[in-house]
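First up is the structure itself, then whatever we jot down about it.
The values are calculated or read from the model by the stated rules, or taken from the named source; none is laboratory data. Note that this is a predicted model, so its numbers are computed, not measured. Counting neighbours? That spans all protein chains shown, and the Cβs are built from the backbone with ideal geometry, glycine included. For the accessible areas, the whole protein counts, side chains as well, though only heavy atoms, and no ligand, DNA or RNA atoms are used. Shrake-Rupley method; radii C 1.70, N 1.55, O 1.52, S 1.80 Å.
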Amino acid sequence: LYFATTASCCCCCYCCRCCCWPVRRPQKRGSTGSGAASGGRRLRGRGPPSAPSTATMIQSLFILAGSGEIIIEKHWREVTPRSVCDFFWDEANAHDDKRNVPCVLFTGEVYLLSVLRGDIFFVSTVKEEQPPLLVIEFLHRVGDIIQDYFGTIEEGNLKENFSTVYQLLEEMMDNGFPLTTEPNALKAMIHPPSMISKIAEATIGASGVSETLPEGTVSNMPWRKTGVKYAQNEIYVDIIEEVDAIINISGQVISSEVTGIVQCNSRLSGLPDLTLAFVDPEVIDDCSFHPCVRYNRYDRDRVVSFVPPDGQFELMCYRVREVSHVAPPLYVTPQLTYETLPSGQVNAGRVSILVGTKPTSSVIVPPRKGPLVVEDIIITVPFPRSVRTANLSVSHGTVLYDEAAKVAKWNLGKLPKDRQAQCTGTLVVSGPRVAEAPPVEVAWKVSNASISGVAVASLQLTNETYRPYKGVRLLTRAGRYQVRTS
């Protein structure tokens, strides 16, 4: 099984691959471990496939906990010494924000390619030159499968189900090359853990591994199971757009970018053929698709035609074309001041953060959906290492200060319209004048709204006689949204 790659010169590159690999969202600038797609169909920049490589793509895979402990290690062909993880962790500790760890490192002997999912690092070793985006995409696929099987990617889940993780890695990669990465095919071969399966394994030694090969793996649609039947047929479509932005201390947007994903949850019987049409599809740019999408049809008619996998999957991802600076739905004005002694030492400081909603923004809310409401607002304030402690109080929500990490997290929840919230407090500082000023990170979301105006115009089903229930939701949320403090 060979994989060849092509790449464009922009920050979002794509590679060619086997149709059993779904495509991830475009890589975001400044985001470590973001899943630039390593395959699938791309609208532009496609080139002829390169010659197949005879070298192993991935030599070893390590899964590291947030403390640097090795939870899982898997080797193909050769055994990579664990000392490479010490090298990687030294590089990771040099960054206060683990998302800024370079996704490609060189130890002098092997290349380390990594992605971060939550607080878990997936680190692969590559001995010879290989397409990096292909390796990064595979690591993201491993993370997606683990999350699909166990609900969350956490250290406890990995340790509790380590045998299942090893079985999944055996099926997902063969001799250092990707093999089976479709969730439906993997679940047919390796059953997800449940209370009944754990009891059966403990009492009679039953294995969760199927002895027969799933039928879908040898068909021309490996993403869909055969013989799917539901008493109630339904499909749900979620259009989620994320706003990445950098705001200066005056509240002006320095840079911004909007990306979107279309997620589906399909519970349809038989072999349905769906056609999805968008409102104003011209604003959609840099698309990448799940292998089930017929690319030629989208290139010709700007409609998404596909036979969906069973269950949840990511249908496509995109960037919003030529967006000027986005006007966010809320403003955050942080102020940090320090009292400097004549000797140059700092002994105290004050912090004040004001948060409120804006009367106008770039977020588009359909008229029938009601007024714009900003929800799940979380303000994360990192302090310099010279800050010993902080005494904070808020007018709305709750605030927690982590003494070890020097980070305050202010959870506002839903902010009422035309109302401000304020966080004030004093800092105890010891040391010379503070030179660093980490930016404040803001998380928020707005339901039933979008930045681009993309919406579903129609969703038609053919090849089956039933009429399914169709649900569509819109969501706009903050991605990497930072507000500078100096």
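Residues of the range 440-469 that are of a type in the set (Val, Ile, Thr), within 30 Å of SER250 (Cα to Cα) and assigned to a strand (DSSP E or B): VAL440, VAL442, VAL446.
In the range 388-399, the residues that are free of Cβ contacts under 8 Å to residues at least 24 places away in the same chain reach residues that are aliphatic (A, V, I, L, M) and open to solvent by less than 50 Å² (accessible area, probe 1.4 Å) with C-beta atoms within less than 9 angstrom, at least six apart or across chains, in these pairs: THR398/LEU412. One residue stands out in the range 125-140 among those that are farther than 17 Å from ILE71 by Cα and outside any helix (DSSP H, G or I): the one that is most open to solvent (accessible area, probe 1.4 Å), namely GLU129. Residue selection: ASN296 satisfies the criterion of being polar (S, T, N, Q), outside any strand (DSSP E or B) and more than 20 Å from ARG419 (Cα to Cα). Would you check if there is a residue in the range 470-486 being surrounded by 15 or more Cβ atoms within 10 Å (Cβ to Cβ), among the hydrophobic types (A, V, I, L, M, F, W, C) and in a loop (DSSP other than H, G, I, E, B)? No - not one qualifying residue is present in the range 470-486. Between VAL446, VAL407, VAL454, VAL440, the distinction of being over 22 Å from the mean Cα position of the chain (by Cα) and hydrophobic (A, V, I, L, M, F, W, C) belongs to VAL407 only. Screening GLN130, GLN167, GLN147 for residues that are under 15 Å from GLU73 (Cα atoms) and among the polar types (S, T, N, Q) leaves exactly one candidate, GLN167. The single condition from (1) among the hydrophobic types (A, V, I, L, M, F, W, C); (2) touching a Gly at 6+ places or on another chain (Cβ under 9 Å); (3) without any contact (Cβ under 8 Å) to a residue 40 or more places away in the chain that LEU412 fails is (3). None of ALA327, ALA348, ALA277 is assigned to a loop (DSSP other than H, G, I, E, B), aliphatic (A, V, I, L, M) and surrounded by fewer than 16 Cβ atoms within 10 Å (Cβ to Cβ) except ALA327. From the list GLY143, GLY108, GLY156, GLY68, the lone residue that is open to solvent by 30 Å² or more (accessible area, probe 1.4 Å) and within 23 Å of the chain's Cα centre (by Cα) is GLY156.
Take the residues in the range 440-466 that are aliphatic (A, V, I, L, M) and over 13 Å from VAL237 (Cβ atoms); name whichever of them is surrounded by the fewest Cβ atoms within 10 Å (Cβ to Cβ). The qualifying residue surrounded by the fewest Cβ atoms within 10 Å (Cβ to Cβ) is ALA443.
Looking across the range 172-196, the residues that are in contact with a Ser or Thr (Cβ under 8 Å, 6 or more places away or on another chain) and not in a loop (DSSP other than H, G, I, E, B) come down to MET172, PHE177, ALA185, LEU186, ALA188, MET189, ILE190. Restricted to strands (runs of 3 or more DSSP E) entirely inside the range 359-439, those with at least 2 residues that are surrounded by 12 or more Cβ atoms within 10 Å (Cβ to Cβ) and of a type in the set (A, V, I, L, M, F, W, C) are 374-382, 387-394, 407-413, 421-432.
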